Amino acid sequence: MDIVAVINYKGGVGKTTVTSNLAAELAFRGKKVLLIDTDAQASLTFSFVTPDEWDDKYKEAKTIKSWFDAVSQSSEPPCLTSFVIAPRSANEAVAGSGGRIDLICSHLGLINVDLELATLLGGVNIQQTKRNYIKVHGKLRSAIEELKVTTDYDIVLIDCPPNFNIVTKNAIVAAEKILIPAKPDYLSTLGIDYLHRSVNDLVREFNEYAQLDGDIEEISPDILGVVLTMIQITGGQPIAAQRQFISQTRRLGIKAFESFFRENKTIFADAPQNLRPVVLNHYSSGTHSDVVEEIEDFVTEFEASLDEAEL
């Protein structure tokens, strides 16, 4: 089971679009996918379920916030499977493939959970503080490890918020691999480098503290690469203004996928209303079909990167 965190410090870079379409195409190819939405904006959640359904059925006790609430109350949280739902529309679209999409919803109140978790980080001495750090930041990791032996998922995709708080750090600690969606612009390029350094700092700190407890395995998440989003195409290639930032991204020393997500506000904006990612829809327009083909190309490249990372 692969565990991939999808993250960028900068919001508005198409992170949810990448995550939802990646999950959908993998499920269409027969993979069993679990999505965990840890972003308080809940955009991924509302790409698969309506706000009314979320409010009626899941808001009170069936979101990742409920799971983290148990952690912040120093209780042993239930198994993550207790919070899993199966989005109906998306799964109808992949029926017959052998794959499926499951989802753990987010919650708009998740942003407050970080403050509650922070109260668990203190200790009577430095050793106890370090042990509490490992315990709090490693909770999601332990829960996902349990899924490896109790479920049949092929991959877990964790949609992270655009920050580096305790919830995000839980996702990074749990992840074996990291995918970074980014726009080819100045601020997004800066954010990639900053994120890379922050991940390295977290890994170093976690592993240092993990040495206090022989039962805690060290972490070493691999950055699979950067997938560029919102690409504007002219003459069959990205516009000149974006090409310079694409080249700049590739000079950062982090792999940049050859495939990309092009800009198309119409179909990407409409997809959440239909509760089906773009890649699961059929389009008669040539431009729209090109968008789908580019997503499929990215997923093929993504799967190859997973295989390479495991060698």
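A few points about this structure:
- Cross-link pairs Lys183/Lys265; Lys15/Lys130; Lys65/Lys148; Lys59/Lys135; Lys139/Lys177; Lys32/Lys177 - those with Cα-Cα distance over 24 Å: Lys15/Lys130; Lys59/Lys135
- Helix 15-28 and the longest principal axis of the C-alpha atoms of the chain enclose an angle of approximately 80°.
- Crossing angle, helix 240-250 versus the chain [Cα axis fit, 0-90 degrees, rounded to tens]: 40
- Within the set [x] 0.96; [y] 1.08; [z] 0.94, the number that Rg/Rh (Cα atoms, Kirkwood Rh) takes when calculated for this structure is listed as [x].
- For Lys10, a cut-off of 16 angstrom between C-alpha atoms picks up these aspartates and glutamates, skipping any fewer than 8 places away in its own chain: Asp39, Asp159, Asp185, Asp193.
- Per principal axis, descending, Cα span of segment 132-235 in whole Å: 56, 32, 18
- Computed 3J(HN,Hα) for segment 150-163, one whole-Hz value per residue from the Karplus formula 6.51 cos²θ - 1.76 cosθ + 1.60 where θ = phi - 60°, is 10, 9, 10, 5, 8, 8, 10, 10, 9, 7, 9, x, x, 7, glycine and proline marked x.
- Simple spin-label estimate for Asn112 and His288 gives 4.1 nm between the two label positions (7 Å along the Cα-to-Cβ direction from each Cα).
- Helix-only [θ]222 nm of the chain, DSSP H runs n ≥ 4, -39500 (n - 2.57) each, per residue, nearest 500: -14000 deg cm²/dmol
- Cα centroid of segment 66-93 to Cα centroid of segment 137-173, whole Å: 12
- A full extension of the chain between Asn163 and Ala61 corresponds to an added length of 34.2 nm, given 0.36 nm per residue minus the alpha carbon distance.
- Principal-axis tilt of helix 265-274 within the chain, Cα atoms, nearest 10 degrees: 60
- Modelled FRET efficiency - R0 51 Å, Ala95 with Leu212, Cβ distances, 0.05 increments: 0.55
- Annotation: the antiparallel percentage among DSSP beta bridges lying fully within the chain is about 10.
- Sorted by Cβ neighbour density within 10 Å, fewest at the top, the residues Asp154, Asp297: Asp297, Asp154
- Close amide H pairs (under 5 Å, H built 1.01 Å from N) link Glu263 with Met230, Ile231, Gln232, Ile233, residues at least 5 positions away or on another chain.
- Computed E for Asp52/Tyr186 - FRET, C-beta separation, R0 51 angstrom, nearest 0.05: 0.85
Bear in mind these aren't lab numbers, they're just calculated from the coordinates by the rules spelled out. Note that the coordinates shown come from a computational prediction; the quantities given were computed from them, not determined experimentally. Please note: Cβ atoms are built from the backbone with ideal geometry, for glycine as well, and neighbour counts cover all protein chains shown.
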